[in-house]
Amino acid sequence: MPAQDRAISYRPTDPISELIAAAAPDWALFCDVDGTLLHIAETPDAVRVSDRLRRAIEGIARCLDGAVALISGRRIDDLDRLFAPLRLPTAGLHGLERRDGAGRQHRLADPTDMEPLRPALREFAEATPGVLLEDKGATLALHYRGVPARAAAARDLVTRLTAGRLDRLRVLDGKMVIEIKPRIAHKGEAIAAFLREPPFLGRRPVFLGDDVTDEDGFRVVNDLGGLTVRVGEDGRTQACHRLANVDAVLVWLEALPGAMAERAKGYQG
């Protein structure tokens, strides 16, 4: 059954225990960040990474010989700052920039694509208390979490600005944020690129995400025979499993090394 059909007909209800039982040492783990590993905050700069989460990621990375990557809409530099001293293979800006397992940097986007959109978006944000324009260079994100009543106005503005440009640009309507990015890459393509390289090569992909911006990743990983997990109980999705929230993700991550060690014993037996 195609991945899209699974999204329509299947309402995932797997508890954490079933996803723990599925753990295997041949996984390659890919994780979205905001809303998946971290609770969404009022502003992008307000999020924090706990030592507990860092330890959980380190433990899994050891079990998987380094086959753990962050797949985010944030810039790589921002992710490095948040997760320091961890320095993981990372895809930033929805795959427009990527650091592979050998530490090489790959960049696809030209930030000038966003230049014609900046003035009107900046003016709207400055004139609307509670709206924030996050300028990431190659992408622009208009956050309205502080004033949800202005969602329609934000969408109307983005629609007007991107009219006639959608052959090159893509608009992602996420959780209290509208993001504009070049069409040349998405999270699924970033995951596929990692899987062509060590230490991910030959492993089964597993991808966790929480929002519409992660659906490309779910589709690609499903097509590759991997495991997909949507975080949160709302929204239709192409993911085949769910975890209830960020706290459930952390519990699951902490349990994976032990479950993988047990599975590895079974392989050896």
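Pull up the DSSP beta bridges for the chain and report the antiparallel fraction as a percent, rounded to 5.
On the way: 19 of 37 bridges.
Around 50 percent of the beta bridges assigned by DSSP in the chain are antiparallel ones.
Quickly estimate the mean residue ellipticity at 222 nm for the chain, helices only: each DSSP H run with n ≥ 4 gives -39500 (n - 2.57), and the total goes over all residues, rounded to 500. The partial results should precede the final answer.
Working: 9 runs with 97 residues, N = 269.
My calculation for the chain gives -11000 deg cm²/dmol from helical runs alone.
Around D45, what is the net charge, scoring Lys/Arg as +1 and Asp/Glu as -1 over all other residues with Cβ under 15 Å from its Cβ? Mind showing how you got there, number by number?
Numbers: positive: R48, R74, R75, R81, K136, R145; negative: D34, E42, D77, D78, D80, E134, D135.
Summing Lys/Arg as +1 and Asp/Glu as -1 gives -1.
Can you give the angle from 0 to 90° between the axis of helix 246-268 and the longest principal axis of the chain, with both taken from C-alpha atoms, to the nearest 10?
30
For region 126-184, what is the relative contact order in percent, using Cα pairs closer than 8 Å and at least 6 residues apart in sequence? Walk me through the numbers on the way to the answer.
On the way: 79 pairs, mean separation 19.5, N = 59.
Dividing the mean separation by the residue count of region 126-184 yields 33 percent.
In whole Å, what is the distance between the alpha-carbon centres of region 211-225 and region 31-108?
Computed from Cα coordinates, the inter-centre distance equals 18 Å.
Relative contact order of the chain: what whole-number percent is it, with Cα pairs under 8 angstrom and at least 6 residues apart? List each step's numbers first, then the result.
Working: 475 pairs, mean separation 69.2, N = 269.
This gives 26 percent for the chain.
Given 4 °C and 1.567 mPa s, compute D for the chain with the Stokes-Einstein relation, Rh being the Kirkwood radius over Cα pairs; round to the nearest whole µm²/s. Please report the intermediate quantities before stating the final value.
Numbers: Rh = 19.1 Å.
Translational D for this selection: 68 µm²/s.
Over region 127-243, what is the relative contact order in percent, taking alpha-carbon pairs closer than 8 angstrom and at least six residues apart? Could the numbers behind the result be given before it?
Values: 176 pairs, mean separation 19.7, N = 117.
In percent, rounded to a whole number, it is 17.
Nearest 20 debye, what's the magnitude of the dipole of region 157-205 about its Cα centre given +1 on Lys and Arg Cβ and -1 on Asp and Glu Cβ? If you can, show how the numbers build up before the last one.
Numbers: 11 positive and 5 negative charges, 7 e Å.
The calculated dipole for region 157-205 is roughly 40 debye.
Looking at region 61-151 from every direction and averaging, what is the projected area of its Cα convex hull in nm²?
Mean projected area of the Cα convex hull: 7.3 nm².
If the only charges are +1 at each Lys and Arg Cβ and -1 at each Asp and Glu Cβ, what is the size of the charge dipole of region 64-181 around the Cα centre, to the nearest 20 debye?
Numbers: 20 positive and 17 negative charges, 27 e Å.
For region 64-181, the charge dipole is close to 140 debye.
DSSP loop GluC sites (Glu not before Pro) in region 196-269 with at most 13 other Cβ atoms within 10 Å of their Cβ, which ones?
Values: sites: E215, E233, E254, E262; in loops: E233.
Here the GluC sites (Glu not before Pro) that fit, given the DSSP loop and packing criteria, are E233.
Can you tally the net charge around R168? Count Lys and Arg as +1, Asp and Glu as -1, for every other residue whose Cβ sits under 9 Å from the Cβ of R168.
Numbers: positive: R165, R170, R183; negative: D113, D167.
Overall, the nearby charge balance is +1.
Put +1 on the Cβ of every Lys and Arg and -1 on every Asp and Glu Cβ in the chain; which of G217, V249, P198 then has its Cα farthest towards the positive end of the dipole?
In the chain, that residue is P198.
Where a number appears in this text, it was derived from the coordinates with a stated rule and is not lab data. Here the structure is a predicted model, which means the values were calculated and not measured. Positions of Cβ are backbone-derived with ideal geometry, glycine not excepted, and every protein chain shown enters the neighbour counts.
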